[in-house]
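Here is the structure we will look at.
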Amino acid sequence: MLEEHRLESGMSVWVSRPDTDEPRPAVMWLHERYGIVQHPKDMAERLAEVGYVGVSPDLFHRYDGDHDAVARGEARVEIRDHEVIDDFDEVIRFLRSQDYVRGDSIGIIGVCQTGRQPILYAAHRNDVAAVVALYGGVDNANWQPTPEQPVPMSELIAATECPVLGQFGEADHIISIESLQAWRDAFERANKSYRIRVYPGAPHGWFNDTMPGRYRPEQTAAAWKDMLAFFEEAFGAGWDTSRVTWDFASDISVDYDYSKNVRLE
C-alpha cells in the first residue's frame with residue numbers, strides 16, 4: 001500500500017512497503033520532468049512487490065507555480081544541485097529512522113530530468129549503495145557547469161564510489177550513442193566501475209507505461225530484469241568493490257543515425 005509522508009521541509013514522500021516484517025533495502029524512484037504523477041507512484045509500488053521499500057520523493061516541492069502545467073509538460077522546473085542533496089539527506093534520514101528499512105542498503109533511480117541526481121548524490125555522500133540513471137544525466141547540459149549545476153558530470157563521476165548502472169534507448173532523441181560513449185569514457189578515465197545498457201529501438205521515455213507513444217513493453221521488461229539483478233548484486237555480496245569493472249553493452253542498427261530519432265508522446 002502506498003502511503004504519503006510529509007517531511008519537515010514540507011516535501012512529500014510516497015512509500016510502499018513489501019509484505020514482510022524484516023528490514024528491507026530501500027530504492028528511491030525519482031520522477032521525470034512531470035513531477036509526481038502516477039508513474040513514479042506506480043514504480044514505488046512495483047519495487048515493493050519485488051521486496052524493496054519503494055520510495056518516490058517530490059523534488060519539486062519548492063515550486064510555487066502551476067504543478068498541473070508541469071504534469072502536462074507545459075512548464076519546466078529547474079532543479080538545483082544543492083537542493084537535491086538537501087532533499088536526499090532528509091529522505092535518507094527519514095528512511096533510516098524506520099525499522100522496516102535496511103539503512104545500509106539504499107539505492108536511487110533517476111529518470112530523464114532526474115537522471116543526474118543519483119550520481120550527484122553519490123559523489124557527495126557515502127549513504128547510497130547503488131545508483132541508476134535511466135535515460136538521463138548524459139545529455140550536453142550535464143557536462144558544463146551552470147549556476148544550478150556547478151559541478152560537471154565528469155567530476156561527479158570521478159567522485160562516485162558506489163556501483164552505477166545506466167540504461168538508455170537506441171531511438172532516444174535527447175541522448176545520442178556518441179553522448180553515451182563520452183559518459184562511458186568518463187568512467188574509464190576516472191577508473192570507476194560502470195554497467196551501461198543500450199536497448200534496441202527504445203525511444204526516450206520507453207519505461208513509462210502511462211505514455212503509450214513511448215512505452216516499449218519488451219525493452220522495459222529487459223531493463224527491469226537488468227535493474228533488479230544490479231540491485232541484488234549491489235545490496236548483497238555480488239558486487240566486488242575491490243575490482244573495477246567496465247561493462248558496456250549496446251544493441252543498435254548498423255545504420256544508426258541519431259538525427260532521425262524523434263520525440264514521441
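The values are calculated or read from the model by the stated rules, or taken from the named source; none is laboratory data. The model shown is predicted, which means the values in this text are computed figures rather than measured ones. Heads up, the Cβs are rebuilt from the backbone with ideal geometry, glycines too, and the neighbour counts pull from every protein chain shown.
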Check: Has the stretch 230-241 got any residue that is of a type in the set (A, V, I, L, M, F, W, C), buried (at least 17 other Cβ atoms within 10 Å of the Cβ) and farther than 13 Å from V164 by Cα?
Finding: no
Note to self: Can you say whether E3 is touching a strand residue (DSSP E or B) at 6+ places or on another chain (Cβ under 8 Å) and closer than 19 Å to V132 by Cα, as far as the supplied structure shows?
What the structure shows: no
Next item on the list: Please verify whether the stretch 207-223 includes one or more residues that are touching a residue at least 12 places away in the same chain (Cβ under 8 Å), surrounded by fewer than 22 Cβ atoms within 10 Å (Cβ to Cβ) and in a helix (DSSP H, G or I).
Entry: yes
Margin query: Give me the helices (runs of 4 or more DSSP H) completely within the stretch 52-128, filtered to those with at least 2 residues that are touching a residue at least 24 places away in the same chain (Cβ under 8 Å) and within 18 Å of the chain's Cα centre (by Cα), ordered by residue number.
Written below: 81-96, 117-124
Note to self: modelled with pLDDT of 95 or more, within 26 Å of N142 (Cβ to Cβ) and surrounded by fewer than 16 Cβ atoms within 10 Å (Cβ to Cβ): is that true of R96 in this structure?
What the structure shows: no
Next item on the list: Please state which of the following conditions R116 fails to meet, knowing it meets all the rest: (1) crowded, with 16+ Cβ neighbours inside 10 Å; (2) within 24 Å of E22 (Cα to Cα); (3) not acidic (D, E).
Entry: (2)
Next item on the list: Search the stretch 156-173 for residues being out of contact with any strand residue (DSSP E or B) (no Cβ under 6 Å at 6 or more places or on another chain) and more than 16 Å from Q219 (Cβ to Cβ), and hand back the single one that is modelled with the lowest pLDDT.
Entry: E161
Checklist line | Check on V132, touching a Gly at 6+ places or on another chain (Cβ under 9 Å), over 22 Å from T220 (Cα atoms) and buried (at least 19 other Cβ atoms within 10 Å of the Cβ) | finding: no
Check: Pick from the stretch 187-201 the residues that are out of contact with any helix residue (DSSP H, G or I) (no Cβ under 6 Å at 6 or more places or on another chain) and without any contact (Cβ under 8 Å) to a residue 40 or more places away in the chain: which of them is surrounded by the fewest Cβ atoms within 10 Å (Cβ to Cβ)?
Finding: R189
